[in-house]
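K.L.:
Attaching a single structure in structure tokens format; questions to follow.
Every number here is computed from the coordinates shown, using simple stated rules; none is lab data. Predicted model only: the values in this text are computed from it and were never measured. Note that each Cβ is placed from the backbone with ideal geometry, even for glycine, and that neighbours are counted across all protein chains shown.
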């Protein structure tokens, strides 16, 4: 990704103003003691959870994290986030894999067209036209793959760090293909100018075409090798995050049903807040996983036999988040809240729960 350095001074000024504004604002009313204690305990467990994630991921995926991957994305990628955020991580990864495969095939196609045209050490105007069309097809395919990769960075850079590291290597190969396409386009322009002037093509011009085709094939083959292993990395890291989330131990067990409901409401509110921007970080997942572990332990302790089925529901939602399926977690929030409200009576529950007017975005058709 390319850092947008020119925006840094403006961003720094904006952040400074926001901090000053926050410092001068009126303090919000404190939360109820039980909920506040639960949230504090969850935040305190963040570091421990992140360490668990790193340990499990290290065992599952042998790859180093590329800290040079930038968090900033261009306007086109930012606009596409609303569309692709409703896909699961696995779905977006499959789309990237398919796009890279198409880019590789299109690159090999224009390379083949070029070597076929130059086989007799001559190039006709029709052959130039054929090469130009195939080059344009490769250019479009590479651009689409790069756009999807940038979107993946924007959505999962803070969650799927091992996967992002390997994806950066694929992006590097696509950049090499794109560079070769630029050189090919320049050569084709020069060839057209020469032919329009009624002149014969020089041998070195034909040699440039052949060299560009060979370079394109090498880059395409390298990108293909990188992409073949990438989906396995996505699956491995997702499984590692799920395992780590399920291994979190409770650090706050409710002493009575009221405290249990407070924990459950805190969980629902936390999930709605951390998924609101369609981006989940490891720290946010850690917070959710800790509260989920606490709720599960509290249900076993004071929930009674009629509420034991809720444990699986909370675990399932946490698993969805760990797997990068934020959309489904959002869709299930209201239903889970209804289950909690139906299970408990005689305890203090906010009217309508804690979700307010929360409505998950509609799921569009896959493009």
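K.L.:
Sort 334-343, 152-161 for me by packing, meaning the mean count of neighbouring Cβ atoms within 10 Å per residue, highest on top.
P.N.:
So the peptides 334-343, 152-161, ranked by packing, come out 152-161, 334-343.
K.L.:
Separation between the residue 175 and residue 129 pseudo-spin-labels, each 7 Å from Cα along Cα→Cβ, expressed in nm?
P.N.:
3.7
K.L.:
Please order 344, 314 by the number of other Cβ within 10 Å, starting at the fewest.
P.N.:
With the sparsest Cβ surroundings first, the list reads 344, 314.
K.L.:
Please list, by residue number, everything in segment 123-139 whose backbone N is under 18 Å from a paramagnetic label point 7 Å out along Cα→Cβ of residue 199.
P.N.:
Within reach of a label on residue 199, which here means backbone N under 18 Å from a point 7 Å along Cα→Cβ, segment 123-139 contributes 123-125.
K.L.:
If you don't mind, there's one more thing I want to ask. Let me know the shape class of segment 150-236, please: from the alpha-carbon gyration tensor, a ≥ b ≥ c as square roots of the eigenvalues, rounded when a/c is under 1.5, otherwise prolate if a/b is greater than b/c, or oblate.
P.N.:
prolate
K.L.:
Just to verify a number: FRET efficiency for residue 122 and residue 91, C-beta to C-beta distance, R0 = 51 Å, to 0.05?
P.N.:
So the FRET efficiency works out to roughly 0.60.
K.L.:
Still on this structure: May I ask you to give the average projected area over all directions of the convex hull of the Cα atoms of segment 75-241, in nm² rounded to one decimal?
P.N.:
Reported value for the Cα convex hull: 10.1 nm².
K.L.:
Also, I was wondering about something else. Using a Förster distance of 51 Å, how high is the FRET efficiency between residue 256 and residue 183, based on the Cβ-Cβ distance and rounded to 0.05?
P.N.:
On the way: r = 72 Å, r/R0 = 1.41.
The calculated FRET efficiency here is 0.10.
K.L.:
Provide the gained length on full extension for the span residue 228 to residue 273, in nm with one decimal, where the gain is 0.36 nm per separating residue minus the Cα-Cα distance.
P.N.:
Once the chain is fully extended between residue 228 and residue 273, it gains 12.6 nm.
K.L.:
Among 320-331, 122-133, how do they line up from the highest to the lowest mean number of other beta-carbon atoms within 10 Å?
P.N.:
Numbers: 320-331: 21.8, 122-133: 15.2.
Going by the mean number of other Cβ atoms within 10 Å, highest first, we get 320-331, 122-133.
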